[in-house]
Amino acid sequence: MAGAQSSRGRVLSVASECVPLVKTGGLADVVGALPGALAGLGWDMKVLLPCYRALRAGAAGWPVVWDEADLWGGPGRVLSGEMGGVSVLLLDAPHLYDREGGPYSSPVGEYPDNAVRFAALSWVAARIAREGLEGWKPDVLHAHDWQAGLAPAYLAYHGNGGCKSVMTIHNIAFQGWAPAHMLGVLRLPGHAWHPEALEYYGGISTLKAGLVTADWITTVSPTYAAELMRPEFGMGLQGVIAARGAAVSGILNGVDTGVWDPGAEDPAFSAKSLVGKAASRAALCAEFGLEVPGPLAIVVSRLTDQKGIDLLPAVIPDFILGGGGLIVLGSGDPGMEGAVRALAARFPGRVAVRIGYDEGLSHRLFAGADAVLVPSRFEPCGLTQMYGLRYGTLPVVALTGGLADTVIGASPATLTAGVATGVTFHPVDALAFGQALAQLLALYAQPKTWAKVRANAMAHPVGWETSAAAYAGLYERLTA
Ligand code: ADP
C-alpha cells in the first residue's frame, strides 16, 4: 500500500523476525513497524522472511512469485501475501525452515545448519533485489543483522542489478560465524576470503560480510553508531565499522504509541491532566504494600550486567533515606535477582521486587511511577526510557547509546532553557548513579520544576514517524 502519495520507491526488507509473525527480540519490532510507517511516506516495503512452521498454515494458497529448484538441498519457493498488516514474502523451503522449535534452535540446541539456512534467505533476497519479481523490482535491499548479512555480499559479488543495499545492526553480539571451509558452500567467491572482506578470525562472519559490502550501514541510535567504532562496544568489529565510518549512521527506533498509550491506561491520564498518574501511583503502592513520601522509581529490565543492575545495592539505600521508593520487575542473573530481593527485604514498604516477565504489570508500572531507572553500560537504542518519556515517568539514564540520544538531562542550562526531560549520568558507576538519584530527589522537591520536566518528557516524540522519515531520507539519498 503506497498510501496517497505516489510510490517513491520499493524496499525489500530481509530479516529472520517480524512482529507480529515471529519475535525473539527488538529486531522483530523494527522490522514489523517499518513497512506501515514508511507507507505513509510513499515507500513500498515488502518483508522477506523464512516460512517457519508456525507461518505455513497462514500462507496456504498464497501465489508463488519466485522459485529455485535446488536451494541448498531442496526446492525453495517465495510466497507473496499479507500477514498482520505487513506485505510479506515468505521463503518456503521446508528442508530449511519447516521445523519444530524456534527460528534459530530446537529444544536440544542451535540448528547445526544455521549458516546455510540464513545464507539461503540472503541468497533469495539478493536474487529478488537483482532481478525483481514480476511487476515489483526493489530499489533498495535492507538487510537486518547477521541472518541477512550475506544479502548485500551476494549483491556485491554477483551483481546488484541497480539495487542499493543497507545493513542494519540491531545486535552486534551475534556475528554469524561459519567455518572457513564453507566459503564455496555458501556460494561465496574465493576473493571474498580476505581480512578486508568477510574473513573473520579464521572463519566467515556474515555480519562482517554485510558491513563491508553494503552501500550504507545503520544502527539503532546515533550515539551507538559512534560507540560501535570503539573497542569497548564494537565486539571485535569496531575496526570494520570505523573503516566504513563515512557510510554509517544511527536511526533511533520508535515505540508503538498505540500499545504504549497513557490515555488508554486511564482516560484521565493525558499530557494535560495528571490525575490519572496520581491514581495509578496510589493503586501501585497499594498493590505492592508501599508507602513512599518521595519519588517512586521503577526498573523494568533484564537483570544483567549490561543493564547496570549490579549498581542498585550501592545507590538505593541513600535514595530510600532521601524519601524514594523502588519497584523492580525483571529476571536474569541469579546473583542480581538475589541482590534486589535483599533490598526489598531490607526496606519493606519502600522497595518491592517482582521476578519474572509481565507485560501487563510493566504498563501499570510506567503509568504509576515517577521515574524509571536505566543505568545501562551499553544500550543500542533502549525502549524503557521512551516509555518513561511518554508516560511522564522521568527517565534516569546512563549517557550511552540510544539513552544519550533520547533523554535531555536536567542541568542548570537545560532547566533554564526549559528543555530537560530527565536525569542523565556518566560514567556508569555507583558514584555518578548515586548523584543522579540525589538530583532526582532534589527535582521532586521542586514541584513546579518537576511538572515542567514531566511535561517536556511527555511532549517528546517517541513514535515511529521520526524513525521512518529518517529511513526514507536514507533510501532517497541512496537512490538519488
Ligand atoms: P533489551 O532489548 O536489551 O532487553 P530494550 O529496552 O530495548 O532492552 O527492550 C526491553 C523490552 O522488554 C522493553 O519493552 C521492556 O519493557 C521489556 N521488558 C524487559 N523486562 C521485562 C519484564 N520483566 N516484564 C515485562 N517487560 C519487560
Task: trypsin sites (Lys or Arg not before Pro) restricted to DSSP loop in segment 322-429 with at most 11 other C-beta within 10 Å - done: none
- [ ] Using label points projected 7 Å from each Cα along Cα→Cβ, tell me how many nm separate A442 and K137, to one decimal.
- [x] 6.3 nm
Open item on the list: Tell me which chymotrypsin sites (Phe, Trp or Tyr not before Pro) from segment 88-139 have a DSSP coil assignment and no more than 16 other beta carbons within 10 Å of their own.
Closed with: Y104
Open item on the list: With unit charges on the beta carbons (Lys and Arg positive, Asp and Glu negative) and the dipole taken about the Cα centre of segment 262-459, which residue among A420, A342, T304 sits farthest to the positive side?
Closed with: A420
Open item on the list: Accessible area per residue for segment 262-459 in Å², computed with a 1.4 Å probe and the full protein assembly in place, what is it?
Closed with: 38 Å²
TODO: Would you mind telling me the antiparallel percentage of the DSSP bridges in the chain, rounded to 5?
DONE: 30 percent
Task: Projected-area average for the chain over all orientations - Cα convex hull basis, square nanometres - done: 23.4 nm²
Open item on the list: Please compute the length gained on full extension between D113 and H95, using 0.36 nm multiplied by the number of residues separating them and subtracting their Cα-Cα distance.
Closed with: 5.4 nm
- [ ] Could you state the accessible area per residue of segment 1-130 in Å², with a 1.4 Å probe and every protein chain left in place?
- [x] 39 Å²
Open item on the list: In segment 262-459, if the dipole is taken from +1 on Lys/Arg beta carbons and -1 on Asp/Glu beta carbons about the Cα centre, which of V315, P262, S376 is farthest to the positive end?
Closed with: P262
- [ ] Give me the orientation-averaged projected area of the Cα convex hull of segment 338-480, in nm², one decimal.
- [x] 10.9 nm²
Task: Separation of the S331 and D429 label points, Cα + 7 Å toward Cβ, nm - done: 3.5 nm
Open item on the list: For a test of understanding, tell me how many lysine pairs in the chain have Cα atoms under 29 Å apart, given they are 8 or more places apart or on different chains.
Closed with: 18
Open item on the list: As an exercise, identify the GluC sites (Glu not before Pro) in segment 142-227 lying in DSSP coil whose Cβ has no more than 14 other Cβ atoms within 10 Å.
Closed with: E196
Open item on the list: Multiplying the sequence separation of L415 and R341 by 0.36 nm and subtracting their Cα-Cα distance, what value in nm do you get?
Closed with: 23.1 nm
Task: Length released on extending from V259 to A279, taking residue separation times 0.36 nm less the Cα-Cα span - done: 5.2 nm
Open item on the list: Calculate the FRET efficiency for A451 and A314 from the Cβ-Cβ distance with a Förster distance of 25 Å, rounded to the nearest 0.05.
Closed with: 0.25
- [ ] Quick one: pull the percent of accessible area on the chain belonging to carbon and sulfur, 1.4 Å probe, ligands and nucleic acids left out.
- [x] 58 percent
Task: the chain, dipole about Cα centre (Lys/Arg Cβ +1, Asp/Glu Cβ -1), debye to the nearest 20 - done: 700 debye
Open item on the list: Of S105, G58, L399, which is farthest towards the positive pole of the chain's charge dipole, taken about the Cα centre with +1 and -1 on the beta-carbons of Lys, Arg and Asp, Glu respectively?
Closed with: L399
Open item on the list: At 7 Å along Cα-to-Cβ for each site, give me the label-to-label distance between L321 and A69 in nm.
Closed with: 7.9 nm
- [ ] Give the accessible area for H426 in Å² (nearest 10); use a 1.4 Å probe, count only protein heavy atoms, and leave out ligands, DNA and RNA.
- [x] 130 Å²
Open item on the list: Compute the helix-to-body angle for 312-321: its Cα long axis versus the longest principal axis of the chain, expressed 0 to 90° and rounded to tens.
Closed with: 30 degrees
Open item on the list: On C-alpha positions alone, give me the angle between the axis of helix 334-346 and the longest principal axis of the chain, in degrees, nearest 10.
Closed with: 20 degrees
Task: Degrees between helix 275-288 axis and first principal axis of the chain (Cα, 0 to 90, nearest 10) - done: 90 degrees
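The values are calculated or read from the model by the stated rules, or taken from the named source; none is laboratory data. Model, not experiment: these values are computed from the prediction. Every residue, glycine among them, receives a Cβ derived from its backbone with ideal geometry; neighbour counts consider all protein chains shown. All accessible areas refer to the heavy atoms of the entire protein, side chains included, with ligands and DNA or RNA removed. Shrake-Rupley method; radii C 1.70, N 1.55, O 1.52, S 1.80 Å.
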